[in-house]
1. Can you tell me which residue within the range 234-253, out of those that are in contact (Cβ under 8 Å) with a residue 24 or more places away in the chain and among the charged types (D, E, K, R), is surrounded by the fewest Cβ atoms within 10 Å (Cβ to Cβ)?
2. Among the residues in the range 247-270, are any basic (Lys, Arg), closer than 30 Å to Ile153 by Cβ and not in a helix (DSSP H, G or I)?
3. For residues that are among the hydrophobic types (A, V, I, L, M, F, W, C) and outside any helix (DSSP H, G or I), tally how many sit in the range 319-359.
4. Any residue at all in the range 227-235 that is in a loop (DSSP other than H, G, I, E, B) and among the charged types (D, E, K, R)?
5. For a quick check of your reading of the model, give me the residue pairs whose first member lies in the range 61-82 and is in the same structural domain as Cys145 (by TED's automatic domain parsing), whose second is crowded, with 17+ Cβ neighbours inside 10 Å, with beta-carbon atoms closer than 8 Å and at least 6 apart or on different chains.
6. If the requirement is being under 21 Å from the mean Cα position of the chain (by Cα) and at pLDDT 85 or above, which of these qualifies: Val295, Val300, Val270, Val307?
7. Among the numbered conditions (1) in contact with a helix residue (DSSP H, G or I) (Cβ under 9 Å, 6 or more places away or on another chain); (2) free of Cβ contacts under 8 Å to residues at least 60 places away in the same chain, tell me where Ile201 comes up short.
8. For the range 220-241, check the following and say yes or no: at least one residue is at pLDDT below 80 and not β-branched (Val, Ile, Thr).
Amino acid sequence: MPYFKWRGIDISGDGCSGKMFARSKKELDGFLFDREIAMLSCSDLKPLLLFSSIGLAEKIDFFRQLSVLLRAGVMVPQGLHILSKIIGNIRLRTIICSVTSSVLEGLTLSKALEDHPEVFDFLTIKMIRIGQETGRLHYALEQLCDYLDAARIFKKKLKSLALIPCITFGFFLLIATVIFVVIIPRFQAMFSSMNKELPPITKIVVSISEALRSGTVLWVLVGIIILVVAIRLYFKTIQGKETFDRFIMHVPWLGDLIKNSSLVYFLHSVSMLFGSGVRLLKSMNISNKSIKNSVLKKHVDQLQEDVAAGMLLSQSMKGIPSSFFEDDLIALAKVGEESGNLGPMLKKGADIYQEKVNRSIAFFTTIFQPLLMIVLGLLITLLVFAIYLPVFNLANVI
């Protein structure tokens, strides 16, 4: 939908201006007339969408508000039109205006959202389509919001998990750079005037300092950048991605974290879709798209094949190698199958794996962070010791 910048005059004769979405200049003139404003001029305005990102929290707010409007009896086109005027994010507002136009032209909401796959993923569109087919769109939107909100909180925890080590290591690099580039050169002339063999550790530190202040480090950085780019390009290939995924799954602690995290997303989405009336096999097929690790994806593909062949879900879980599905989850699936409450039991399994992930994150922040600080402190102490060791030996020279 076009975005206009307009100037006008209100009923009291005062000049005013603003920006507004409208399908045409005539529609814009009508909107302003309803507000007792006479439009004097208007021009197309292209919003800087490149610099406007859409966060998960903003999408959750949009779907939750739309659900409230639908539950209150508002029709989908009117609800979209109301929300398109109050959404703060300029890029999301542009997309919702486009979706509103498509819905007014006769498309369903899910079909209109398919035109924006960079914002609305496959699971979101599928959940909305199920809500439309069952006549419970507001309920489907509520479930979707709960799922996306859980995913948002989970991603926030993972980001905070990675943020602190990065800040700590960055601070260490800053201190080390200052020592090598600023402090060590001041002592180097004094070391040369001592006419005494320097300790091996001091020689290493002086050599590193000279390398950092020379053109050698530039070529090293260029080589590292080329190597990183080459590795990233390789990992984007099918073979490279499988190699990386297989390697990362064997890394202690990190492999379990990735496996449990993937299962949280998978079980949550399966229970949500299955609880909405979607058949189990179809729910698994849709939810499988949330798993990014190719090794884990193969396990879930095998699970789907077994269920399609007529096996019970719990029986198929037992046949998956590498203890991908643990005994407690298999037991929950079996109880759910026998009691006819498979959806809630899978949701319970997702909560169990979520708790395992939370414990892993707590362990990391409790144990690894102090350990990292100790290691970095020792490295800085070693650098300082390498600088001052010749100074301490200066008395022997005198």
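1. So the residue we want is Arg246.
2. Checked against the condition, which is being basic (Lys, Arg), closer than 30 Å to Ile153 by Cβ and not in a helix (DSSP H, G or I), the range 247-270 yields no hits at all.
3. Just the residues of the range 319-359 that are among the hydrophobic types (A, V, I, L, M, F, W, C), to begin with: 320, 324-325, 329-333, 335, 342, 345-346, 350, 352, 357.
With the extra rule that they be outside any helix (DSSP H, G or I), the set shrinks to 320, 324-325.
Result for the range 319-359: 3.
4. Taking the range 227-235 first, the residues in a loop (DSSP other than H, G, I, E, B) are none.
No, the range 227-235 has no match at all.
5. Short answer, once both residue conditions are applied: none.
6. Details: Val295 fails: at pLDDT 85 or above; Val300 fails: under 21 Å from the mean Cα position of the chain (by Cα); Val307 fails: under 21 Å from the mean Cα position of the chain (by Cα).
Of the residues listed, the single one that is under 21 Å from the mean Cα position of the chain (by Cα) and at pLDDT 85 or above is Val270.
7. (2)
8. no
The values are calculated or read from the model by the stated rules, or taken from the named source; none is laboratory data. Given the structure is predicted, the values throughout are model-derived calculations rather than measurements. Don't worry about glycine lacking a Cβ; one is built from the backbone with ideal geometry, like all the others, and counts go over all protein chains shown.
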